[in-house]
Amino acid sequence: MSKEGNLVARPFAERLHFIPRLIRYPQTILVWVFRNYLERAPGWVLLTTKGRKSRLPREVLLPCERFDGCVLIISTYGWQSNWIRNIQREPEVRLTCAGSSSQGRAEVIEGLEEKQALVSAHPFFVPFPVYLLNVIHRTVLRPVTVRFLRWWVRRRPVVVIHVGK
């Protein structure tokens with residue numbers, strides 16, 4: 001169900017939203033230990049939102065695609081993700097990626113055609129730590145990746161963060 005309450009089949013992963021909550025503390029430790037790498041790692045962003053209840057900063061590590069001063073993120077757990085619910089309330093966010101931190105404004109994209117157009121133009125995946133595998137994935141496997149992402153976003157919110165807004 002989207003935020004408007006439309007009856008839409010929810011993704012199965014949305015029922016698994018308890019998993020990120022279970023691994024929150026180990027992930028926090030992992031981010032703390034590898035923070036220097038993660039702040040510069042391609043395909044990743046440290047997104048800081050304001051808690052919708054506490055108004056305190058909440059940081060989460062997410063896979064992303066960067067393009068034209070924007071960052072594209074797909075919510076795996078649909079509307080159940082805390083970060084997506086936080087940006088619904090307060091779209092002003094802080095991003096740490098590509099070696100720098102900046103402010104941004106999040107926009108939740110819900111129209112199916114627009115979401116599919118975005119992932120077709122800017123397909124992404126969690127990068128492998130091996131350069132050759134990334135090259136193969138972005139070239140030879142690109143049509144398969146695009147097809148999968150077009151299917152994947154049907155039931156999930158897609159977020160475009162406009163950096164520097």
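Rule-based calculations on the coordinates, nothing more; no lab input. Just so it is clear, the model here is predicted, and its values are computed rather than measured. Don't worry about glycine lacking a Cβ; one is built from the backbone with ideal geometry, like all the others, and counts go over all protein chains shown.
Taken together, the residues in segment 127-165 that are over 29 Å from residue 48 (Cβ atoms) and in a loop (DSSP other than H, G, I, E, B) amount to 4. Residue 107 fulfils the conditions (1) more than 19 Å from residue 14 (Cα to Cα); (2) surrounded by 14 or more Cβ atoms within 10 Å (Cβ to Cβ); (3) touching a residue at least 60 places away in the same chain (Cβ under 8 Å) except for a single criterion, (3). Can you find a residue that is in contact with a His (Cβ under 7 Å, 6 or more places away or on another chain) and either without any contact (Cβ under 8 Å) to a residue 24 or more places away in the chain or closer than 19 Å to residue 47 by Cβ (or both) anywhere in segment 149-159? Within segment 149-159, none of the residues are in contact with a His (Cβ under 7 Å, 6 or more places away or on another chain) and either without any contact (Cβ under 8 Å) to a residue 24 or more places away in the chain or closer than 19 Å to residue 47 by Cβ (or both). You will find that of 135, 126, the residue that is surrounded by fewer than 14 Cβ atoms within 10 Å (Cβ to Cβ) and under 12 Å from the mean Cα position of the chain (by Cα) is 126 and no other. Contact annotation: residue pairs with Cβ atoms under 6 Å, 6 or more positions apart or on different chains, pairing a residue in segment 44-64 that is at negative phi and among the polar types (S, T, N, Q) with a partner that is assigned to a strand (DSSP E or B) and loosely packed, with under 14 Cβ neighbours inside 10 Å, are 48/57. Being within 29 Å of residue 18 (Cβ to Cβ), touching a residue at least 60 places away in the same chain (Cβ under 8 Å) and not β-branched (Val, Ile, Thr) is the filter here; which residues of segment 65-104 pass it? Residues satisfying the conditions are 72, 75, 77, 78, 79, 80, 81, 82, 88, 95, 104. The residue that is nearest to residue 39 (Cα to Cα), among those in segment 97-117 that are touching a helix residue (DSSP H, G or I) at 6+ places or on another chain (Cβ under 8 Å) and not basic (Lys, Arg), is 106.
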